[in-house]
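This report concerns only the one structure given below.
Where a number appears in this text, it was derived from the coordinates with a stated rule and is not lab data. Keep in mind the model is a prediction, meaning the values are calculated, not measured. Cβ: placed from backbone, ideal geometry, glycine included. Neighbour counts: every protein chain shown.
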């Protein structure tokens, strides 16, 4: 319990330090746009290697073998595309948020629509992170779940609200340090305790338990969310320049690919520790700690908590800055902090209300991937080369999003593929041949 208090006090201290140093909205939202490539890269890596990637991916590797790599491997592929094609343009835009870019490259209506999609999606993901953090805190301290849930929500909201993007960038370095140490220890002790040799396990791209259809889903839907992501774009907006944004994204590509390899190996070694059919979510949370010394198991729990928090704070600042800057239309730091508090309380309420409401709100993420990713990718890529028809782009966002709703409601991946495919086709169709003047009605929409 004392270690947990010290751990949380460290991040509150970071937030207070930044609160007294940084005052304006540029400092709060994009850290003054002076971050180095290493800061950007570590922060992106920390945000990507979250609770689902650590706990979920270990269990997936236990069940399906080496194809589990694509859980984060698809993200590495997405980041590679981002670094190669979009990172420099994203930083060059000089905006604060992804919806801000939607107005710059499509229309004001696109800005409002993407903002209204992103805010509930990232608030719901924040609620899920609160729940995961509470479970880790309960394991570390023995406190009851409700107390842990409220405590985690308060700490995450407080230090993010105080320090903004500056405190997130600094805390991400500390948090990923915990993650790296914890995963390294887990790999060492599971390898020592397991009778399995990795040399005896075939390296497979796909297999019967992880077919090509699932790989395709991961690469398009999961990987696509890394190519155009409001949370990751926030890191690029904070970079010192285009070079730092590009190199930072490349560093993150390597970081999550290496992390994926380590996590998969832990899951594979766990096959020698418990029988097949063991609950996948318990592999990293119970099975692996059982073969580690107490001190190492405690470090692993702190690593999991760090992975969760590094994603949660990013979700919180993303939703709050978009609501302040793109919905209200302001750049008031004090009001943004109040909005952040309200979103934090709302996410806590969602988390405390039970999984059914949370599941409904998580559907917003399907809407985002199916509706927003392809239009924004095409619009950013085509910027300075070819204009786009804003009406067609809005149709791409709306129709893709509707198919995303169907995918979330039915659980059928076919709707996800259809949503991404339709929004991409419409986005490509929205490209206007170079040299063609926009119609007056289209120009009016963009102004």
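Report the gain in length on full extension from residue 24 to residue 428: 0.36 nm times residue separation, minus Cα-Cα distance, nm rounded to one decimal. Before the final figure, lay out the partial values.
Details: separation 404, 0.36 × 404 = 145.44 nm, distance 3.86 nm.
Full extension of this stretch gives 141.6 nm more.
Helix 2-21: angle to the longest alpha-carbon principal axis of the chain, degrees 0 to 90, nearest 10? Result, in degrees: 30.
Just to verify a number: FRET efficiency for residue 386 and residue 216, C-beta to C-beta distance, R0 = 22 Å, to 0.05? The pair residue 386/residue 216 has a calculated efficiency of 0.15. Taking the fewest neighbouring Cβ atoms within 10 Å as the starting point, the ordered list for 338, 268 is 338, 268.
Put in line by how crowded their Cβ is, counting other Cβ atoms within 10 Å and starting with the fewest, 145, 247, 325, 17 read 145, 17, 247, 325.
What's the whole-number percent of alpha carbon pairs in the stretch 284-419 lying beyond 19 angstrom?
Numbers: 6367 of 9180 pairs.
Roughly 69 percent, rounded to a whole number.
Length available on full extension from residue 412 to residue 286: 0.36 nm per residue minus the Cα-Cα distance, which gives 42.2 nm. Put in line by how crowded their Cβ is, counting other Cβ atoms within 10 Å and starting with the fewest, 395, 315, 265 read 395, 265, 315. Once the chain from residue 331 to residue 34 is taken as fully extended at 0.36 nm per residue, the excess over their C-alpha distance is 105.0 nm. Comparing mean-square fluctuations of 196, 221, 405 from a GNM of the chain with C-alpha springs under 10 Å, the top value falls on 196.
Against the main long axis of the alpha-carbon atoms of the chain, helix 294-322 sits at an angle near 10°. Which of rounded, prolate or oblate describes the stretch 1-105 when judged by the alpha-carbon gyration tensor and an a/c cut-off of 1.5? Oblate. Just checking the listed ones, 102, 68, 191: in the Gaussian network model of the chain with Cα springs under 10 Å, the one fluctuating most is 191.
Between residue 338 and residue 197, the modelled labels are 6.7 nm apart [label points 7 Å from Cα along Cα→Cβ].
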